[in-house]
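Only one structure is covered here, and it is reproduced in the block below.
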Amino acid sequence: MVIEANEHEICAIGFPADLPLESPNKLSEMAKEQFKEYFEKKRKYFDFPMAQPGTDFQQKVWDELRRIDAGKPISYSALAKRMKNPLAIRAIASANGRNNLMIAVPCHRVIGSNGDLVGFSAGSWRKKWLLEHEAKMTSSGQSPLTF
């Protein structure tokens with residue numbers, strides 16, 4: 001993974017094919033430690049400072065994504081209802097797709113209404129892995145998700 005940071009916040013998280021390699025700083029090292037804890041099943045959420053440019057609507061979607069519990073994916077329709085905007089499913093999906101803070105802003109926790117793993121730029125196999133990883137963190141080792 002590649003973590004981009006300035007002096008104040010993490011700006012982007014992705015994979016080397018998507019982002020250029022950056023020189024680490026204090027914040028990117030903090031994020032790296034939190035990701036290590038996440039992958040070791042010791043952390044479900046991230047609290048390092050982060051920000052990404054976007055419209056007010058996109059910011060609201062990204063804030064709501066951070067409220068989705070680990071191990072409990074929801075559909076785009078359910079996310080739209082949570083945001084009290086049930087007709088905005090496509091706009092919400094578009095904002096979800098513009099998220100530059102992969103995993104920390106958990107766009108992977110949103111699935112299709114029929115349970116399909118849709119809309120993850122890093123690949124459906126990674127989305128499946130992340131959802132299974134989080135399900136194991138929140139259960140007794142048994143994944144309640146089926147794909």
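The values are calculated or read from the model by the stated rules, or taken from the named source; none is laboratory data. Predicted, not measured: the structure shown is a model, and the values here were computed from it. Virtual Cβ from ideal backbone geometry, glycine too; neighbours counted across all protein chains shown. These accessible areas exclude ligands, DNA and RNA; they are computed on the full protein's heavy atoms, side chains included. Shrake-Rupley method; radii C 1.70, N 1.55, O 1.52, S 1.80 Å.
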Could you tell me whether Arg66 is touching a Pro at 6+ places or on another chain (Cβ under 6 Å) and touching a residue at least 12 places away in the same chain (Cβ under 8 Å)? no
Tally up the residues in segment 31-62 that are part of a helix (DSSP H, G or I) and open to solvent by less than 80 Å² (accessible area, probe 1.4 Å), please. 10
Residues of segment 79-102 being surrounded by fewer than 22 Cβ atoms within 10 Å (Cβ to Cβ), touching a helix residue (DSSP H, G or I) at 6+ places or on another chain (Cβ under 7 Å) and assigned to a loop (DSSP other than H, G, I, E, B), which ones? Met83, Pro86, Ala88, Arg98
Looking at (1) out of contact with any helix residue (DSSP H, G or I) (no Cβ under 9 Å at 6 or more places or on another chain); (2) under 26 Å from Thr138 (Cβ atoms); (3) in a helix (DSSP H, G or I); (4) open to solvent by 60 Å² or more (accessible area, probe 1.4 Å), can you tell me which one Asn114 breaks? (3)
Look at segment 63-78 and say how many of its residues are assigned to a helix (DSSP H, G or I) and not polar (S, T, N, Q). 5
Looking only at residues in segment 125-147 that are more than 11 Å from Gly71 (Cβ to Cβ) and at pLDDT 90 or above, which one is surrounded by the fewest Cβ atoms within 10 Å (Cβ to Cβ)? Trp125
